[in-house]
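Here's the structure, in structure tokens; my notes come after.
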Amino acid sequence: MEQHATADAGSTQNGAARPRHMSPCVCHCAACRAAGHSNGACVVLCAGLHDLFDGKADVVDLVLRYYYYGACGWGTARFDAPIRYVRYGPGDIIAAGGDDQRIHLLCAQTGERILCPQMGHTGEVLSVCFDRTGQRLASCGGHNDYSIRLWSTESGTPIGSPLTGHHPSRDDVSALSWSPDGIKLASGSNDKTVKIWNPATGRELCELSVDGRVDSIAFAPCGNSLAVACNNFSGGGSYSVQIFSTDESTGNLACQSTLRGQDRYHDHAIKSLSWSPDSTRLVTGSADGTAKIWNLATGEELCKLTGNTQWVCPVAWSPDGTKLASGRNDKTVKIWNPATGEQLWQLKVDGSVTSVVWSTCGSKIAAACNDHGNKNYTVRILSSELRACYSEGFKDSESGRGNP
């Protein structure tokens with residue numbers, strides 16, 4: 001297997017020239033080894049797929065990545081405990097935090113671990129996020145772990161001391177977001193506060209009081225605003241998003257608006273939010289089974305994304321702004337057109353989806369999938385390109401749309 005993994009295109013076998021597409025790349029051979037196939041298996045597979053798809057090399061590679069690699073665990077990272085949160089960093093690296101109190105760094109091409117798991121939290125790791133350079137990673141803990149920790153992604157070692165300050169008797173620090181310039185870090189907690197930190201010094205810069213427990217926060221790509229998902233479960237429940245913007249006279253963040261929308265905004269907790277790349281719109285995902293898109297200039301609800309009554313917890317806007325991804329507990333990741341609210345297609349995964357994120361180039365999606373009944377906990381790395389390259393080859397029997 002090692003020999004044909006590095007064979008040159010056009011090499012001869014039994015005196016005959018081998019077609020270029022029959023010289024598989026190292027990744028294909030690694031997938032063969034992982035699946036336990038004998039030597040030459042991926043040569044035959046490549047040749048057959050090229051015949052099927054009329055020599056379209058890009059389609060063959062995507063089919064191999066999605067179907068073949070997926071069948072043998074390629075592009076899938078498996079864990080011993082549920083995964084709560086995943087984030088892409090620059091350079092095709094994925095960070096995953098979960099109930100094992102560890103942070104795992106993964107290769108986004110293969111799902112393989114890059115570093116030994118980073119340990120330090122004493123509770124579940126509820127959120128992770130990279131700074132803009134990808135050299136620093138922030139994480140926060142739940143279940144009586146009230147700390148925020150910074151890590152070097154190069155060495156896997158802690159940076160400085162843990163950041164502490166959230167109320168120690170009110171459980172989780174549940175959400176994190178770096179400012180786009182990497183100078184500030186925001187943390188949200190069940191204690192109904194958001195804290196802004198200087199990660200270089202570890203100093204708390206300010207504290208913002210909000211309307212409920214915080215399940216998600218995000219700085220706008222423009223850097224001037226911060227969105228906070230606030231969930232107040234008392235008195236029948238109140239679920240909203242507060243938008244904090246920089247006050248030009250003081251330089252501090254102040255609440256500029258609160259999105260509540262129609263029918264009390266959402267009918268259940270808002271679990272995630274994501275900004276459009278141009279910072280003009282926001283999408284929110286809720287346990288009420290819907291995701292909603294908002295115009296931030298007017299506070300208007302632009303559209304509601306619905307599909308069934310299952311929870312919609314994670315949502316993520318693609319880097320080019322043309323698509324949205326949402327995860328559900330029905331073991332699917334759905335892709336949407338945010339301009340029309342139309343569902344484009346869906347991807348089947350291994351369990352309930354607790355987190356989704358696009359790669360920085362927008363060609364892949366990472367999803368944290370947890371099948372608690374079978375104790376199957378994975379991060380699936382999904383190609384968002386397969387449909388675009390050869391959508392007619394795969395049909396969703398339920399909707400009639402292509403479904404890789």
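The values are calculated or read from the model by the stated rules, or taken from the named source; none is laboratory data. Keep in mind that this is a model prediction, so the values were computed, not measured. FYI the Cβ positions are ideal-geometry reconstructions off the backbone, even for glycines, and counts take in every protein chain you see.
With respect to (1) within 19 Å of the chain's Cα centre (by Cα); (2) farther than 21 Å from S272 by Cβ; (3) in a strand (DSSP E or B), the lone exception for A138 is condition (2).
A single member of T122, T133, T157 is out of contact with any Pro (no Cβ under 9 Å at 6 or more places or on another chain) and more than 28 Å from C230 (Cα to Cα), and it is T157.
Run down A77, A108, A138 and say which single residue is touching a residue at least 24 places away in the same chain (Cβ under 8 Å), among the small types (G, A, S), closer than 22 Å to N190 by Cβ and buried (at least 19 other Cβ atoms within 10 Å of the Cβ).
Going through A77, A108, A138 in turn, just one is touching a residue at least 24 places away in the same chain (Cβ under 8 Å), among the small types (G, A, S), closer than 22 Å to N190 by Cβ and buried (at least 19 other Cβ atoms within 10 Å of the Cβ): A138.
Being modelled with pLDDT of 90 or more and within 25 Å of the chain's Cα centre (by Cα) narrows it down to one residue among A200, A220; which is it?
Details: A200 fails: within 25 Å of the chain's Cα centre (by Cα).
Being modelled with pLDDT of 90 or more and within 25 Å of the chain's Cα centre (by Cα) holds for just one of A200, A220, which is A220.
Which residues, taken from segment 163-188, are modelled with pLDDT under 90 and part of a loop (DSSP other than H, G, I, E, B)? The answer is T164, G165, H166, H167, P168, S169, R170, D171, D172. Within segment 296-307, residues that are within 18 Å of L226 (Cα to Cα) have Cβ atoms under 8 Å from residues that are surrounded by 13 or more Cβ atoms within 10 Å (Cβ to Cβ) and of a type in the set (V, I, T) in these pairs: L296/I243; L296/T280; A297/T280, counting only partners at least 6 apart in sequence or on another chain.
Only a single criterion out of (1) modelled with pLDDT of 90 or more; (2) farther than 26 Å from H104 by Cα is not satisfied by Q346, namely (1). Residues in segment 355-369 that are surrounded by 23 or more Cβ atoms within 10 Å (Cβ to Cβ) and of a type outside the set (A, V, I, L, M): S355, C369.
Mind listing whichever residues of segment 138-156 are of a type outside the set (A, V, I, L, M, F, W, C) and within 13 Å of H121 (Cα to Cα)? Show your work before the answer.
So the first thing to find is which residues in segment 138-156 are of a type outside the set (A, V, I, L, M, F, W, C), and the list is 139, 141-147, 149, 152-156.
S139, G141, G142, H143, N144, D145, Y146, S147, R149 - these are the residues of segment 138-156 that are of a type outside the set (A, V, I, L, M, F, W, C) and within 13 Å of H121 (Cα to Cα).
Return yes when I159 is under 22 Å from Y88 (Cβ atoms), over 22 Å from the mean Cα position of the chain (by Cα) and buried (at least 16 other Cβ atoms within 10 Å of the Cβ) and no when it is not. Criteria met by I159. The set of residues in segment 125-134 that are buried (at least 16 other Cβ atoms within 10 Å of the Cβ) and either over 16 Å from R87 (Cα atoms) or among the polar types (S, T, N, Q) (or both) contains only S127.
Does D191 satisfy the condition of being part of a loop (DSSP other than H, G, I, E, B), closer than 26 Å to N144 by Cα, touching a residue at least 12 places away in the same chain (Cβ under 8 Å) and in contact with a His (Cβ under 7 Å, 6 or more places away or on another chain)? Against the criterion (part of a loop (DSSP other than H, G, I, E, B), closer than 26 Å to N144 by Cα, touching a residue at least 12 places away in the same chain (Cβ under 8 Å) and in contact with a His (Cβ under 7 Å, 6 or more places away or on another chain)), D191 qualifies.
Here are K331, K364, K375: which of them is at pLDDT 90 or above and of a type in the set (K, R)? Lay out the reasoning, then the answer.
Values: K331 fails: at pLDDT 90 or above; K364 fails: at pLDDT 90 or above.
Within the list K331, K364, K375, the selection yields K375.
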